[in-house]
Amino acid sequence: MKFGLCLGFTDRSERPDVVARTCEELGFESMFTGEHPIIPVVAGAIIALGNTVMPEYYERIPDPFISLTIAACATRRLRLGTAVCLAAERHPIILAKEVATLDYYSQGRFVLGVGGGWLREETEIMGRDFRRRWAVVREYVRAMKELWTQPEASFAGEFVSFPPVKCWPKPAQQPHPPVYICTGSGPNFDRRLKDTVAVGDGWMPTSLTPQRLSQEVAKLKRMCAETGRDVNSLEITILGQAAGSAAEARRQVAEYREAGATRMLFLLTPIPPGQAAQTIRPIAEAYLRG
């Protein structure tokens with residue numbers, strides 16, 4: 001089992017390089033972060049859930065690729081990833097260039113976790129139809145894989161088309177950095193599993209119990225068998241909260257491993273300046289040395 005952290009950064013939190021260096025020193029395999037390019041002042045999803053639901057730090061999240069570049073420069077082994085990159089809100093050629101550049105300079109340590117997002121107004125302000133955002137994500141992933149793997153790439157799709165182009169550098173990882181399909185706590189698990197089989201290199205669900213994960217992994221195996229995809233080529237990363245004690249951690253790890261997970265990411269809010277070690281060390285002691 002691999003272990004990593006998934007956390008936010010802001011202009012008020014500890015710096016990405018400090019957190020990443022601490023993660024590596026304590027023995028974690030990876031560190032992931034997400035994005036919100038904007039937070040609309042008026043948003044129906046926020047109003048419907050109540051004003052206290054949206055954490056204030058969502059408004060202050062920096063660009064994840066710049067944050068992860070800073071982290072890459074401070075580390076040597078730590079894998080770095082997005083959870084999630086809102087791919088439909090970016091141009092796929094620019095996103096492919098950013099991913100390839102970060103992977104190249106980090107010597108093959110990048111993982112691209114993509115999602116459709118849940119905040120309708122944000123997606124629409126960024127120029128996309130919220131109802132079709134996942135169709136955009138699927139097509140963008142296919143287009144980016146062409147750009148990463150072909151010396152002269154072209155693509156003809158519904159949302160993006162381009163004639164033969166040269167796009168360098170190519171990623172350090174071959175054939176390309178892994179792309180994980182990220183799934184929130186909503187009802188569309190079957191659709192995201194199909195997306196994983198179709199265009200993903202891994203599946204990353206949030207906050208599933210081991211029992212529910214086992215059920216969904218069984219579906220994933222059936223879908224892979226139906227399409228001839230090797231299920232063992234897919235990483236399954238579960239995002240969730242760390243347990244309180246070493247004994248609870250051992251039980252949790254055993255249950256998620258049995259359910260099919262290959263990596264556990266622990267969700268954290270932004271860490272205040274000067275508190276990286278004291279925040280992260282208890283998780284390391286429970287999971288890496290418990």
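The values are calculated or read from the model by the stated rules, or taken from the named source; none is laboratory data. These numbers were taken from a predicted model, which means no experiment stands behind them. Methodologically, a virtual Cβ is constructed for each residue, glycine included, from the backbone with ideal geometry; neighbour enumeration extends over all protein chains shown.
Restricting to region 220-240, and then to whatever is of a type in the set (Lys, Arg) and surrounded by 14 or more Cβ atoms within 10 Å (Cβ to Cβ), can you tell me which residue is nearest to residue 5 (Cα to Cα)? I'd like the intermediate steps shown before the answer.
Taking region 220-240 first, the residues of a type in the set (Lys, Arg) are 221-222, 229.
Keeping just the survivors that are surrounded by 14 or more Cβ atoms within 10 Å (Cβ to Cβ) gives 221, 229.
Values: 221: 27, 229: 29 Å.
Looking at the filtered set, the residue picked out is 221.
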Yes or no: region 71-78 includes at least one residue that is within 17 Å of the chain's Cα centre (by Cα) and either under 20 Å from residue 282 (Cα atoms) or at pLDDT below 95 (or both). yes
From the set of residues in region 134-156 that are acidic (Asp, Glu) and in a helix (DSSP H, G or I), which is surrounded by the fewest Cβ atoms within 10 Å (Cβ to Cβ)? 146
Give the number of residues within region 93-138 that are in contact with a Cys (Cβ under 7 Å, 6 or more places away or on another chain) and among the charged types (D, E, K, R). 1
Would you check which residues across region 33-43 are of a type outside the set (Val, Ile, Thr) and at pLDDT below 90 and list them? 43
Tell me, yes or no, whether region 126-133 has at least one residue that is in contact with a Leu (Cβ under 7 Å, 6 or more places away or on another chain) and not in a strand (DSSP E or B). no
Among the residues of region 99-123, the number that are in contact with an Asp or Glu (Cβ under 9 Å, 6 or more places away or on another chain) and in a helix (DSSP H, G or I) is 2
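Out of region 59-92, which residues are part of a helix (DSSP H, G or I) and more than 16 Å from residue 127 (Cα to Cα)?
Taking region 59-92 first, the residues part of a helix (DSSP H, G or I) are 59-60, 64-73, 87-89, 92.
Passing the criteria: 59, 60, 64, 65, 66, 67, 68, 69, 70, 71, 72, 73.
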Which residue is modelled with the highest pLDDT, if the candidates are limited to region 102-126 and must be surrounded by fewer than 19 Cβ atoms within 10 Å (Cβ to Cβ) and in contact with a Pro (Cβ under 6 Å, 6 or more places away or on another chain)? 104
Residues of region 172-228 that turn out to be more than 24 Å from residue 252 (Cα to Cα) and of a type in the set (Val, Ile, Thr), as a count: 5
Quick check, is residue 129 among the charged types (D, E, K, R), more than 23 Å from residue 183 (Cβ to Cβ) and modelled with pLDDT of 95 or more? no
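Going by the structure shown, is residue 249 surrounded by 13 or more Cβ atoms within 10 Å (Cβ to Cβ) and more than 19 Å from residue 181 (Cα to Cα)? First the steps, then the outcome.
Details: surrounded by 13 or more Cβ atoms within 10 Å (Cβ to Cβ): yes; more than 19 Å from residue 181 (Cα to Cα): yes.
So residue 249 fits the description; yes.
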Scanning region 44-70 for residues that are among the charged types (D, E, K, R) and modelled with pLDDT of 95 or more, the one surrounded by the most Cβ atoms within 10 Å (Cβ to Cβ) turns out to be 60
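Taking residue 69 as the residue in question, decide whether it is out of contact with any Pro (no Cβ under 9 Å at 6 or more places or on another chain), without any contact (Cβ under 8 Å) to a residue 40 or more places away in the chain and among the polar types (S, T, N, Q). Let's see the steps before the verdict.
Values: out of contact with any Pro (no Cβ under 9 Å at 6 or more places or on another chain): no; without any contact (Cβ under 8 Å) to a residue 40 or more places away in the chain: yes; among the polar types (S, T, N, Q): yes.
In short, no.
Considering each of 30, 13 in turn, give the residue that is farther than 20 Å from residue 273 by Cβ and crowded, with 19+ Cβ neighbours inside 10 Å.
Numbers: 13 fails: farther than 20 Å from residue 273 by Cβ.
Exactly one residue qualifies, and that residue is 30.
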So, in region 249-262, how many residues would count as being more than 22 Å from the chain's Cα centre (by Cα) and under 13 Å from residue 289 (Cα atoms)? 2
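Of everything in region 79-91 that's surrounded by 24 or more Cβ atoms within 10 Å (Cβ to Cβ) and not small (Gly, Ala, Ser), which residue is farthest from residue 7 (Cα to Cα)? Break it down stepwise before answering.
Taking region 79-91 first, the residues surrounded by 24 or more Cβ atoms within 10 Å (Cβ to Cβ) are 80-88.
Filter once more, keeping what is not small (Gly, Ala, Ser): 80, 82, 84-86.
Details: 80: 12, 82: 10, 84: 11, 85: 13, 86: 16 Å.
Going through the qualifying residues, I end up with 86.
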